[in-house]
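Just so you know, all these numbers are worked out from the coordinates, no wet-lab data involved. As the structure is a prediction and not an experimental result, all values here were calculated from the model. Virtual Cβ from ideal backbone geometry, glycine too; neighbours counted across all protein chains shown.
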Amino acid sequence: MKKSILNTFKIDIFRLENKQYLHEFEGDNDFFEALDQNLIEKGHFKTTIVLNKNETMIQMIYTIIGSVELSCDRSLDLFDFPVNINQKMILKFSDHNEEITEELMLIDRNLQYINVAQDIFDFIGLQIPIKKLHPRFLEDEITYDSLMKKFEDEYEEEDFDEEEVDQDDEAFDFRVELDDHLFMSNDEVSEDEGEIVYSTIKNDLTEEENIEGKKPIDPRWEALMKLNNN
């Protein structure tokens, strides 16, 4: 008896002319009970389908308005969950039946009729949230989600600031290392070059010795040595 309810959702497409049609359907608890499923037990809805047929395909626009009874995951209280759906479906004529996507199907061009009961149920089922909460908990849930989002945003900003601080520390360490290198003591030498980088030993070379072949002292180094001696 209840299975026969699904027969009222048939549409004869074979005899339809190439033009637009309007179909209306209504379902209640018997509709959900007639389907082999345990997602929805009770509910009611009204469905309007605008069907447009041409030589190559049938386009259908579903409008479904109603509510279904759900059980709250937190309190187990029953509540009515509203549904308001607008969905498009395209049936393209072919030599076989095949589902391409959720909105596109191939159908045999000799198919006599289609039954929209399963499509209506699928569209309603997709509206049901994974976490089902009674309306009195929704405000708390929204507040919690907002706080978590704010916390995540602040955490990302802190990570960004720490990265900037690390870069500043690296720059500071480089400057300190450079200063240490420029002001090495008189005993420190370059390990790579094997030559004296800076010395505090007083230069005793006379002008005659410099003239005889010694390399003249760069005035800049001479100024640095004088400052160090002072």
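Side notes on the structure shown:
- Using the Cβ-Cβ distance between residue 61 and residue 152 with R0 = 45 Å, the FRET efficiency computed as 1/(1 + (r/R0)^6) comes to roughly 0.70.
- Net charge, residue 13 excluded, C-beta distance under 15 Å - Lys, Arg +1, Asp, Glu -1: +1
- Rounded FRET efficiency, nearest 0.05, which uses the C-beta distance separating residue 72 from residue 126 and R0 of 30 Å: 0.90
- Structure note, pairs 42/92; 10/46; 10/53; 88/132; 42/132: Cα-Cα distances above 23 angstrom occur for 42/92; 88/132.
- Chain lengthening between residue 84 and residue 24 when straightened (0.36 nm per residue, less Cα-Cα): 20.1 nm
- Residues 80, 36, 95, 119 in ascending order of nearby Cβ atoms (within 10 Å, fewest first): 36, 95, 80, 119.
- With neighbour counts taken as other beta-carbon atoms within 10 Å, the residues 15, 74 rank, fewest first, as 15, 74.
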